[in-house]
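Participant: Take a look at this one; I'll ask things after.
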C-alpha cells in the first residue's frame, strides 16, 4: 500500500488499491500526460525479478496491444521501473460484475445482457486464436452508460495450448476442468467459465451438481438444462459462443437481436441500481499541450519578419521530387492507399499575400440539389489511375461515375464546401502541393495557395469562409494553417511536435480535429484544438495503429477514424467528449470513412474483395455493407457531398 501516491516513470501516479490477482495487485492510477485514469497491475516479484520470465511475458503480451473490440478494455503494455514491472491498461470507471452480484440475483433477461456482451468479446478473441482462460466477475466491468467490458488481457493464452490454473485450486472457482488437469484449452474452456459465472449470478451459488432452478424457482427448466449443458466437464459441453448464446436465448424465448447491447434500467435493474449509486471520478479537464501556438500577432510577426525570398525556377525539380515520393509510396502499399498519408517534402515559404489563379471574385456557391433516395448524394474520391492520383465522383446509388481530373500530376484530399456543388483539393500540378477550388457546375478551377509550402488535407469551416489545412512550409514538421475562402491571408495556427497529416473542422465551428504522428511513422493519434490553436485534447485514447483520416459526425459528438494492426485496419466511431469508441467493421482492412449528410450511412474504402482498394457503403451502426466501386486500380479517400 506504500506505493499509493508514488508516480511511476514520471507519468503514472498511483491513486487507489482496487484488487489482488494472481499476477499482482491492481491499482487505479492517473496518467498525468494523457490526463485520464488508467489501470496498473504491479507484477509479483516472482515475475518481475525473473528476467527470463519477464521477457517471455513481455513478448507474449505485445500482441495484446492489437486486440481491439467494443467490449474489451484496451491493453497498453508491460512497463518497468528500476524496482518493479507493471501491466498498463485503460480504466473503465464503474462497477464490476462482482459488485453487481453482491447486491442481488440477476434475472434471466439481465443475465442475457452480460452473456451477449461477453460472448461478443470472446468470439473476437477466439477468432484471433486467443483463449481468455480466466473469466471471473471481477474481470467484467460496466461503465456509467451500461456498457459491458472484459478486462485483464494479460491472462490470454493461445488456443490449444496446455491449460494452467491462475492461482491455487481454492481460488479457481470458474476455471474449466481441463485447466485443473493441464489439458489443452479451447474456446469451450471460456464457455465453461462464463456459464459458471452466470450460474452464480442467477442462483447466488457457485456451480453444483444441481439444476439452477432447484436453487431459484423463477428459472425455467429449459434454461436450467441449457446452462448445465455448458457446464459439462467433458467434450460434450457447448463448444463456442454462438452455441451458448443461441441456446440460452432460445431457452429464455428471446430473439438474440432483441437482447440489448448495454444494461439499462428497463433491461438490467440490478445493474442500473449499482451504477446509479456508484461514486464516479470527476470528468478530467482538457489536457493542454506545452506546444500550443503563440498568440496570433506573434505568429504573424514571425512569418513576415524575414524579407520575401526571390522567385526561382525550382518547380520542375520539386515536381520530380514529389512524384518520386508518391511513386514510392504507391508501390509500397499493401493497405488502402491513404493508410500512410502523403507528407510532401518541404518547399520554400513565400510572402503571405497569395494571388488567385483567377483574380475575379469567386462566385456564390449555390447548393446542389439534394437527393431524394435513401442512399442518395454524390461522393468524390481519389482514384489512382496509371501513375497518378486523380479525382472521381460517383452517386451513392452506384450511378453517375465520372472522372474529374486527368493531369500529369497528383490530385487528392478532396473536401466539399458546406453548401455542396464545389470542393477543394490538394494538387502538385504547378510544382508544390497547393489548394485548388473546383466549381462542379461550371468546371471552374481556382488556385487558392501558391507555394506557401506543401499543402494537404484541406477542410472548410462550417460557414464556408475559411479553410484549414496541414502544411509543411519549411524543414520542420507539418503544421496546421488556415486560409480565407478567397485564398488570402494564409496563417500558421499550430505547430506540433511531429508531422500532422489530417485536419477536420467541427460542424459547430468551435474545434479542429487533427491527426498527429506518434512514435511510429505510420501511426497517429487524433487531437482536438480550438480554432485559435489552443486547448489541445487527445481523443483517441486506447486505440493503437490509428491512421491519418478524420470525419466528424453531423451532430459533432463523434468522429470516424480507422485503427488497428498493419493490414487489419478497422473503422471506429470515437466520442469526442469521453474518448469511448465503437468498432464498426470487423475484417477487410478498411480506412478513410465519411458520413452521409444525414448521418445514417458511412462510405469508406476497403481491401476486402481484392488487392486494390474499393469503396463501400454501410449503415452508421456498421451493418448492411454494400460495394460501391469495383475498379482494377485503387479508389480511396471518399467524401460525401453535403
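No lab work stands behind these numbers, since they all come straight from the coordinates. On a predicted model such as this, the values are computed, not experimentally measured, just so you know. Ideal geometry is used to build each Cβ from the backbone, glycine not excepted, and the neighbour counts take in all protein chains shown.
Participant: Could you work out how far the C-alpha centroid of region 85-107 sits from that of region 563-642, in angstrom?
Facilitator: Using only Cα atoms to place each centre, the spacing works out to 33 Å.
Participant: With each label point set 7 Å from Cα along the Cα-Cβ vector, what nm distance links residue 246 and residue 222?
Facilitator: Here the modelled spin labels are 1.6 nm apart.
Participant: Turning to a different aspect of this structure: Ranked highest first by average number of other Cβ atoms within 10 Å, how do 152-162, 504-514 line up?
Facilitator: Order by mean packing, descending: 504-514, 152-162.
Participant: Based only on other Cβ atoms within 10 Å, what is the fewest-to-most ordering of 523, 175, 266, 633?
Facilitator: 266, 633, 523, 175
Participant: Turning to a different aspect of this structure: Which of rounded, prolate, oblate describes region 40-133, given a ≥ b ≥ c as roots of the alpha-carbon gyration tensor eigenvalues and a/c under 1.5 marking rounded, otherwise prolate only if a/b is larger than b/c?
Facilitator: Prolate is the answer for region 40-133, as a/c is 1.5 or above and a/b outweighs b/c.
Participant: Also, I was wondering about something else. In nm, give the distance between the simple-model label positions of residue 257 and residue 281, each being 7 Å from the Cα along the Cα-to-Cβ direction.
Facilitator: Label-label distance for residue 257 and residue 281, simple model: 3.9 nm.
Participant: Let me ask something else about it. Could you order peptides 47-53, 557-563, 128-134 by the average number of other Cβ atoms within 10 Å of their residues, highest first?
Facilitator: Ranking, from highest mean packing down: 557-563, 128-134, 47-53.
Participant: Give the distance, in whole Å, between the Cα centre of region 209-260 and the Cα centre of region 422-458.
Facilitator: A separation of 61 Å, based on Cα centres.
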